[in-house]
Amino acid sequence: MVLHYLPERPEQPAGDASSPVAARAGFVVGKSVGNSVVRHRVTRRLRAVVRTELDRLPASADLVVRARPEAAAADSAALHRDLTAGLDRLLGDRGARR
């Protein structure tokens, strides 16, 4: 799994109603991971795993999780370990568990 992290979104115009209230996550699961059934299963697992870790990110952050082909054979626990390790590397002390 590859993580792409943008700690702060670009400034939005004043008075914009779409100001960030929480960190956002997106997922990229390409055809190299498997057929559509496999890709959707991987996406569902990643979404569940990211949901448990999203509070570690600042409210203005964007995270993109890109699944690699080996994610198709990984269970949720392995995906969670990979995500946690990646976030630890990305965030350092800032992402300490709350």
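What follows is calculated from the coordinates using simple rules that are stated; it is not laboratory data. All of these numbers come straight from a predicted model, not from anything done at the bench. Cβ sites come from the backbone with ideal geometry, for glycine too, and all protein chains shown count toward neighbours.
Here are the numbers for this structure:
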{"read-out": "Relative counts (whole %) of C-alpha pair distances in the stretch 38-78, using bins that are 10 Å wide", "value": "26, 53, 20, 1"}
{"read-out": "Karplus-derived 3J(HN,Hα), 6.51/-1.76/1.60, for each residue of the stretch 43-49, Hz, glycine and proline x", "value": "4, 4, 5, 4, 4, 5, 5"}
{"read-out": "Highest to lowest packing among 60-68, 33-41, 46-54, scored as the average C-beta count within 10 Å", "value": "60-68, 46-54, 33-41"}
